[in-house]
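Below: one structure, written as structure tokens.
Since every read-out is calculated from the coordinates, none of them should be taken as a lab result. Everything quoted here is computed from the prediction, not taken from an experiment. Cβ sites come from the backbone with ideal geometry, for glycine too, and all protein chains shown count toward neighbours.
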Amino acid sequence: MPETLDVSCPKCAKSIKVPAEFAGKRVKCKGCQEVFAVPAPAAAKAKPKPAAKAPAKPAPAAAPEPKPEAAKSPFLDDDDATPMEVIKEADVPMCPHCAKELKPPTAVVCRYCGYNNQTRTKAETKSVVAADAAAWTSHLAPGIIAVLIIIGLVVLDIICIVNMREWLEGSELEMEEKDLSGKKKMLVKPGAFSTMITALSIVVILPAARFAIRRLIYENKPEEKAAM
């Protein structure tokens, strides 16, 4: 009896018996219709040599065995009476790892299993969960807060520049002597206080602006989380 191979369908895990000559070829599972490649055996099994027999009377001539049909195997699976047969394919490039067609034919990496045909390595894949509204909010909120802080400090600087002299009138810094415009002079010019407040604001605005640009423009997507 011809040698057989026991293989399992990679999709439905159904056990199928195929002839050893089908190794490296693609067959179709009768349970789920999945097309897959029959793996080659690790090593050929050594066939025992027939023991020497004493001369005996010549046996009657056996009836000639019927020729098998082309591209079909006489072996059946456990649940179906239809013979297993090789799937006929065109001469197209196949992935050496999963035996599926390369799309496009010049593809370096297989789109189905991630096998790299140049480095002969398989890329690692992982399943990730799409970011939801809560993830987007928590990721973008710090950048939005930084923008609001920058706007608030700029508004504060403008208000101080416009109203600083009015705030200092009647204080101990006001002098009796008047300037050319008729306003009383100050021991410390109002612009000095406005400048100091603006300088302090810039110390906060610059790092806040860098953070907001990075979070809202360059890194505006939440980090991917692996599926459990």
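The one condition from (1) loosely packed, with under 15 Cβ neighbours inside 10 Å; (2) in a loop (DSSP other than H, G, I, E, B); (3) on the phi < 0 side of the Ramachandran plot that A131 does not meet is (1). Given the conditions (1) surrounded by 11 or more Cβ atoms within 10 Å (Cβ to Cβ); (2) within 53 Å of the chain's Cα centre (by Cα); (3) among the polar types (S, T, N, Q), and given that T106 satisfies all but one, which numbered condition is not satisfied? Result: T106 fails condition (1) only.
Across the range 166-220, the number of residues qualifying as surrounded by 11 or more Cβ atoms within 10 Å (Cβ to Cβ) and charged (D, E, K, R) comes to 10.
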